[in-house]
Amino acid sequence: MKRLTLLVLMVFTMQLAFSQTDVVQFLKGGKADASKLVQAYLEPYAFALGDGLNNGWCSSAASHKLFGFDLTVSLSGIQIPESALSFDISKLNLSNMVVESGGNIAPTIAGKDVAGPKILVKDNEGNSIATFNTPNGLAMDLVPVPMAQVGFGLLPYTDVIGRYVPEKTYSYNNDQMKLGFWGVGVKHNFLKWIPVLKQLPLDASIFASYSEVNAQSELSFTPEDYGVDNVSITFTNNEGQFLKVKTNTSKFGLIVSKKLSIITVFAGIAQSTSESTIDLVGKYPVLTKVDNGGYEITNESALIDPIALKFKNHNISMDAGLRVKLAFLSIFGSISKSEYTSYNAGLSLSVR
């Protein structure tokens, strides 16, 4: 379980740590423009994370006998479509930023590992005050989301499923990051209660799940990051800077399975929802031009808690897969279609 926790941490660290080194550059153009750019850049991974957390809850409609249990480890790969690997800056209606060179198409976080267009930042009086390139993508359009869970047969024809990673603080590139995760699911084989239908050679269950992730990473965006000369700095920051991410997901639907010797074929349809919030909290310096041709960075012009974004997704998801049972061990694989297409595979140690 500890190794799996580290794998989960790697997924979040990849997103959070990359964001803190480059996405905060968007703040040079002010709060409104920065929000638009950050949303366009991070959206593919926000949706992929929601799909990944909703995967892998069930690989059979059959339920455990009373007090039976299973331990399942799985890995989902969420495929980011071509259309989500880049975004068009010209469609964001930016106020204080214009493209200086490199065209209007910039990579999202899932896009190519190349620098994006060069952006010229202007203040409210139209003065040019800074330039930067939009950040590279990670060149990773198949996002891994590992997971572990335990299922118990606690009621007749009913399994209760739990997922849990306790909140811990980790060090990454000299910064501190906190991460915690939990989830709970219920599966009920309702077919066993219906006198006529329970004789059918298949299982059918309704299921519901909810999961939640909380993560926080330290940031460091200072006046020196503007890289300009002739600047007067009276900015002080004792409050700290943090990137906070919270994602919650839910899924409710039907799964049907048929056992053929050691092979079980299963399929499901469900209502899936996910909501991710990304908040940049703390105090951040803003560069302004003064009458003598120089610049200043003051506490009065600083941005406070400049980014508060919400990514919501609500759709019908469909799953189909196979499960092979070998004594107490089962191997399964499935394909799921929700916002994105994802592939799921795993191992399950089961005592019915």
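The values are calculated or read from the model by the stated rules, or taken from the named source; none is laboratory data. This one's a predicted model, so the numbers in the text were calculated from it and none came from an experiment. Surface accessibility is based on the protein's heavy atoms, side chains included, excluding ligands, DNA and RNA. Shrake-Rupley method; radii C 1.70, N 1.55, O 1.52, S 1.80 Å.
The table below lists the values:
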quantity	calculated
The stretch 147-235 - Rg (one decimal) and Dmax (whole number), Cα, Å	25.1, 84
Structure-derived Cα Rg over 2.2 N^0.38 Å - corresponding label in [x] 1.18; [y] 1.12; [z] 1.02	[x]
Cα-based helix-to-principal-axis angle, 2-22 vs the chain, degrees rounded to 10	30 degrees
Acute angle (nearest 10 degrees) that the helix 31-53 long axis makes with the longest principal axis of the chain, alpha-carbon atoms	20 degrees
Qualifying aspartates and glutamates (Cα of each under 16 Å from Cα of LYS91; at least 8 residues distant if same chain)	ASP33, GLU43, GLU100
Heavy-atom accessible area per residue - the chain, 1.4 Å, Å²	47 Å²
Rounded if a/c under 1.5, otherwise prolate or oblate - the stretch 223-312, Cα gyration tensor axes	prolate
Percentage relative contact order, the chain, counting C-alpha pairs under 8 Å, at least six apart	20 percent
Rel. contact order, % - alpha carbon contacts under 8 angstrom, at least six apart, the stretch 273-352	24 percent
Within straight-line cross-link reach of LYS251, lysines at Cα separation under 23 Å, skipping those fewer than 8 residues along the same chain	LYS187, LYS192, LYS310, LYS312, LYS337
